[in-house]
Amino acid sequence: MSNHLKESRAVVHLDMDTFFVSVERTRDRRLAGKPLIIGGTGGRGVVASCSYETRKFGVRSGMPMKMARRLCPDATIISGDHELYSNYSHTVTDIIREDAPLFEKASIDEFYVDMTGMDRFFGSFQWARQLSHRITHETGLPISFGLARNKTVAKVATTEVKPQGRAHIVQGQEQPFLDPLHVRKLPAVGEKTGAFLSNLGVRKIRGLREIPRDVLVRILGKPGATLHQRAQGIDPRPIVPYNERKSISTERTFGEDTIDVRGLRATLIGMTERLAFQLRDSEKLTACITVKVRYADFNTMTRQARIPYTAVDSVLSDKALALFDQLYDRRQRVRLIGVRFSHLIHGGYQINLFQDTQKQIRLYQAIDRMKHRFGAGAVMRASAFGGLDQRRTPQNKDSRSPTSGRR
């Protein structure tokens, strides 16, 4: 890419304001302006999202629901609706797809649009404002956006003007804009890194920017180089075109054709759990699952289902089994089964906080740590034991390992 093109980049970051809360308010207008908390409603539930009216009391995402209730006893609490939020996300995506020259879906409620070169036809800021108006008009959802030369500055700008704000950080103003902000405002700075920098006396982005790159690399490792770059307002990452066909998948070809239904179901659960671990490991969520069955006569059948965005083993395994039951013809032997997750987006585990308790979340995290250490098959649900892939001889190993789908 030429220097001229790098200097003239224009990136718009679009972020739906308190997305889950806003969706609930479109369903019930009486909730507008009132403190609202969404998450697990049980005694050990966790906050998945909260309105701005509750945040002034100290309520935040990931907080135990008991604590949130104490901080804001007048808040309305809703358990949440995965499917409804996913449907709204798909609707917003379709609107952006119609207008945007190139866009990336960064999460269920967050998008980047590359407007580079469009200023010769019309203003990028005006275009973004018109798009945000259209999204709000057609969905009823509020949205904020930031326009800058790159993803980092655009995202920070959006965060600074929420809710329902618009920001344009013009070329050359990146450092004056970033310098006075807290280091935690940088997307690359998490809770642990922020605390570490604070202990070093580095609280503002300016202070981080003034630390030599070599020093940051020495104390933080490779991420230190990225932080040094971002603190300067530099971010060369391209917009990754959104493609719903993006997927991960795996298949099992059996050494002998089989009608062992129990073994087939157990194998499918094991395959699905390993793919789900890949999703969580890469901080992805899926909204579509496909199951494939190939019979002894090579006749191949597939069944697909759209689902709310998730990366939870139990949710995905249950859906995979339901699809398998729709496909399986008990009169024929099975040669191969496969499972694929598609419509992937970036997303952390918070999307699954509606039903989960803190204890469950810690359990899932502990299981993933064990899988990281000992392998993806080290821990699995009891229903996955007895799979045909566990009983095969050495010469009948998997025909394929999990692979990332091509875009």
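The values are calculated or read from the model by the stated rules, or taken from the named source; none is laboratory data. Everything numeric in this text was worked out from a predicted model, so none of it was measured. All Cβ positions, even for glycine, are placed from backbone atoms using ideal geometry, and neighbour counts span all protein chains on display. Accessible surface is based on the protein model in full, side chains and every heavy atom, while ligands, DNA and RNA are left aside. Shrake-Rupley method; radii C 1.70, N 1.55, O 1.52, S 1.80 Å.
Solvent-accessible surface (1.4 Å probe) assigned to residue 31 amounts to roughly 20 Å².
One Cα centroid belongs to region 247-316, the other to region 6-52; the line between them spans 32 Å. Among the GluC sites (Glu not before Pro) found in region 231-261, those both in a DSSP coil and sparsely packed, with 16 or fewer other Cβ atoms within 10 Å of their Cβ, are 244. By the Cα gyration tensor, region 139-242 has an equivalent ellipsoid whose semi-axes, rounded to whole angstrom, run 25, 15, 13 from largest to smallest.
Scalar couplings 3J(HN,Hα) for region 217-230, obtained by applying the Karplus form with A = 6.51, B = -1.76, C = 1.60 to θ = phi - 60°, are 5, 5, 8, 10, x, 4, x, x, 5, 5, 4, 4, 5, 5 Hz; x denotes Gly and Pro. Per the Cα gyration tensor, region 1-120 maps to an equivalent ellipsoid with semi-axes of 36, 16, 12 Å, ordered largest to smallest. When only alpha carbons of region 193-270 are considered, Rg and Dmax amount to 24.1, 66 Å.
D by Stokes-Einstein for region 87-170, Kirkwood Rh over Cα pairs, 37 °C, 0.692 mPa s: 253 µm²/s. Maximal additional length on extending the residue 175-residue 76 stretch stands at 31.5 nm, based on 0.36 nm per residue less the C-alpha distance.
Checked against a 29 Å cut-off, the cross-linked pairs 66/151; 66/204; 151/319; 105/185 give Cα-Cα distances beyond that limit for 66/151; 66/204; 151/319.
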